[in-house]
Amino acid sequence: MTNNTESRENTVLIGKKPNMAYVMAVVTQFGAGQNEIHIKARGRAISKCVDVAEIVKNKFFKDAKVKSITIATEQVETEKGEKFGVSTMNITLTK
């Protein structure tokens with residue numbers, strides 16, 4: 001899911017924190033002059049990824065648009081060497 005044209009500065013990785021922590025990260029990046037933000041999540045955090053994008057669009061930056069949504073499956077290996085697939089999502093917002 002890594003794209004060489006993306007930089008870490010314009011990427012927000014969704015995890016276990018409350019939604020508003022990630023919303024504020026996106027708002028801060030837009031405020032700092034970024035025109036494109038990548039919101040990325042894996043597994044159970046995918047629904048939070050969608051929530052964050054929608055909150056940013058509807059409450060903070062009404063002119064923000066979804067440029068693209070990418071879904072994929074990453075292969076993850078456990079400590080025991082077993083492999084399984086984890087769903088991933090990348091939402092790209094532009095303003």
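Nothing in this text is a laboratory measurement; each read-out follows from the coordinates by a stated rule. Owing to the predicted nature of the structure, the values given are computational and were not obtained by experimental measurement. Here the Cβ positions follow ideal geometry from the backbone for every residue, glycine too, while neighbour counts run over all protein chains shown.
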**Report entry** Virtual spin-label span in nm between Lys16 and Thr78, 7 Å along Cα→Cβ
**Finding:** 1.9 nm
Report task. For region 13-95, run through the GluC sites (Glu not before Pro) and keep only the ones in DSSP coil with at most 13 other Cβ atoms within 10 Å of their Cβ. Result -> Glu79, Glu82
Report summary line: Taking a crude spin-label model, label points 7 Å out from Cα along the C-beta direction, the Asn35 to Ser68 distance in nm is 1.6 nm
Report summary line: Proxy exposure order for Ser68, Ser87 (fewest C-beta within 10 Å first) is Ser68, Ser87
Report task. Mind computing the radius of gyration and Dmax over the alpha-carbon atoms of the chain? Å is fine for both. Result -> 13.9, 47
Report summary line: For Leu13, Leu93, ascending order of other Cβ atoms within 10 Å (fewest first) is Leu13, Leu93
Report summary line: For the chain, longest principal axis from Cα atoms; helix 46-55 axis from its Cα atoms; angle between them, nearest 10 degrees, is 0 degrees
Report summary line: Cβ density ranking, 10 Å radius, fewest first, applied to Lys62, Lys57 yields Lys62, Lys57
Report summary line: For the chain the mean separation of alpha carbon contacts under 8 Å (6+ apart) over residue count, i.e. relative contact order in percent, is 31 percent
